[in-house]
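J.: Mind looking over this structure? Questions follow.
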Amino acid sequence: MNCLIAFLLALLCAASAAARQATPREKVGHLFESARRIPEAGGSPAPEAFEFERSGYRYRVASNGAGRRTKDGAPRLFNLRLEGADWIERVYFGEYEDNVVLVCEVRDGESGAGFVARLEQPSMRALWKTDFEFFNVGQPLRDGPHLYLTGHGFVAKLDLRTGLFVWRQRRLYGRAGAGTFNHFDPPEISGDTVLFREKPTGGVAPKTLRVNRKSGKILGIE
């Protein structure tokens, strides 16, 4: 009888361990979504606009930064105020404290950069706008009041309350070999670490940058 009980307990432990291994790792944080890109009919490199829906509102952001939010036919206009000949190439959107947060990549035909803007609801007034000088802007991840950003050779943690960077890591391009850290997959949080994994290109195994969430210190490259 004791042998039978021991055997059944062993089976139960094995089943529990298998179930734990089969359970996918819990996702931490909230990924921003990518707005729909409306191409320019005339063949211009700049798109016509970007569109998305959020909390019952519809948003349209033209490539020149002029925006419109509508609900039940009532419009509210806003402007992201681009510089010079810049146009918006990519838009990610999310929320923080019922405000709309936009992460955009801009181009001028020769180079690219990015910015983050927090727009107050319902006025759509910009509470702040923070620029950064890196293109290939990747899908951001929000963790509470903080936003993790990526770009060409660049990763950062931004405070959504103030628009100020908590930390930044720059000059990463080529750090782990020629062409590395050009463009990143969405960030992932693992305990006290945030993982920045580069997008796979050319059949080469992608590198992962491990960074301390609090200090921004690089812990290693895998």
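The values are calculated or read from the model by the stated rules, or taken from the named source; none is laboratory data. Given the structure is predicted, the values throughout are model-derived calculations rather than measurements. Every residue, glycine as well, gets a Cβ built from its backbone with ideal geometry; the counts of neighbours run over all protein chains shown. We work out accessible area using only protein heavy atoms, side chains counted, and drop any ligands, DNA or RNA first. Shrake-Rupley method; radii C 1.70, N 1.55, O 1.52, S 1.80 Å.
J.: Quick one: what are the phi-derived ³J(HN,Hα) couplings along the range 108-122, Karplus 6.51/-1.76/1.60 with θ = phi - 60°, whole Hz, x for glycine and proline?
T.: Along the range 108-122, the couplings run 10, x, 10, 9, x, 7, x, 7, 10, 10, 9, 10, 5, 9, x Hz.
J.: If you count only protein heavy atoms with a 1.4 Å probe, what accessible area per residue comes out for the range 58-145, rounded to a whole Å²?
T.: Values: 4100 Å² over 88 residues.
That works out to 47 Å² for each residue.
J.: Is it possible to state the helix-based mean residue ellipticity at 222 nm for the chain, with each DSSP H run of 4+ residues giving -39500 (n - 2.57), the sum divided by total residues, to the nearest 500 deg cm²/dmol? What is it? Don't skip to the answer; put the middle values down first.
T.: On the way: 1 runs with 21 residues, N = 222.
Mean residue ellipticity at 222 nm (helix-derived): -3500 deg cm²/dmol.
J.: Further question: Give the carbon-plus-sulfur fraction of the accessible surface of the range 111-162 in %, rounded to a whole number; probe 1.4 Å, heavy atoms of protein chains only. The partial results should precede the final answer.
T.: Details: 820 of 1620 Å².
Using a 1.4 Å probe with all protein chains present, the range 111-162 comes out at 51 percent carbon and sulfur.
J.: Rank by packing, highest mean first: peptides 129-142, 208-221, with packing defined as the count of other Cβ atoms within 10 Å averaged across residues.
T.: Order by mean packing, descending: 129-142, 208-221.
J.: Around Y92, under 14 Å between beta carbons, what's the net of Lys plus Arg minus Asp minus Glu among the other residues?
T.: So the environment of Y92 carries a net charge of 0.
J.: How would Y57, Y92 rank on accessible area, largest to smallest, probe 1.4 Å? List each step's numbers first, then the result.
T.: Working: Y57 55, Y92 25 Å².
Correct descending sequence by accessible area is Y57, Y92.
J.: For the range 36-159, what does the alpha-carbon gyration tensor say about shape, rounded, prolate or oblate, given a ≥ b ≥ c as the root eigenvalues, a/c under 1.5 as rounded, and a/b over b/c as prolate? Spell out each step's value before the answer.
T.: Numbers: a/c = 1.82, a/b = 1.06, b/c = 1.71.
Judged from the Cα gyration tensor, the range 36-159 comes out oblate (a/c at least 1.5, b/c at or above a/b).
J.: Once phi is turned into θ = phi - 60°, what whole-Hz ³J(HN,Hα) does the Karplus curve with 6.51, -1.76 and 1.60 give for every residue of the range 78-95, x standing for Gly and Pro?
T.: My calculation for the range 78-95 gives 8, 9, 7, 6, 6, 9, x, 9, 5, 9, 7, 9, 7, 9, 10, 9, x, 10 Hz in order.
J.: Can I ask one more? Quick one: angle between helix 2-22 and the longest Cα principal axis of the chain, in degrees between 0 and 90, rounded to 10, please.
T.: Helix 2-22 sits at roughly 10 degrees to that axis.
J.: [x] 62, 36, 32; [y] 46, 39, 31; [z] 80, 48, 36: which one is Cα extents along the principal axes in Å as calculated from this entry?
T.: Computed from these coordinates, Cα extents along the principal axes in Å corresponds to label [z].
J.: Out of residues 5 or more away from F134 or on other chains, whose amide H comes under 5 Å of its own, with H placed 1.01 Å from N in the peptide plane?
T.: G114
J.: Please identify the trypsin sites (Lys or Arg not before Pro) of the range 29-80 that satisfy two criteria: DSSP loop assignment and at most 14 other Cβ atoms within 10 Å. Which are they? Mind showing how you got there, number by number?
T.: On the way: sites: R36, R37, R54, R58, R60, R68, R69, K71, R76; in loops: none.
Sites meeting the loop and neighbour criteria: none at all.
J.: Which of E105, E89, E40 ends up with the largest GNM mean-square fluctuation for the chain, with Cα atoms connected below 10 Å?
T.: Sorting by GNM fluctuation, first place goes to E40.
J.: State the percentage of accessible surface on the range 163-222 attributable to carbon and sulfur atoms; use a 1.4 Å probe and exclude ligands, DNA and RNA. Provide the component values of the computation, followed by the final result.
T.: Numbers: 1580 of 3430 Å².
Answer for the range 163-222: carbon and sulfur cover 46 percent of the accessible area.
J.: Read phi for every residue in the range 160-169 and hand back ³J(HN,Hα) as whole Hz from Karplus 6.51 cos²θ - 1.76 cosθ + 1.60, θ = phi - 60°, with x for Gly and Pro.
T.: So the Karplus estimates, Gly and Pro as x, are 6, 6, 10, x, 9, 6, 6, 7, 9, 10 Hz.
J.: Sticking with this one: Looking only at I38, I189, I88, which one moves most when the chain is put into a Gaussian network model with springs between Cα atoms under 10 Å?
T.: With Cα springs under 10 Å in the chain, the top fluctuation among I38, I189, I88 is at I38.
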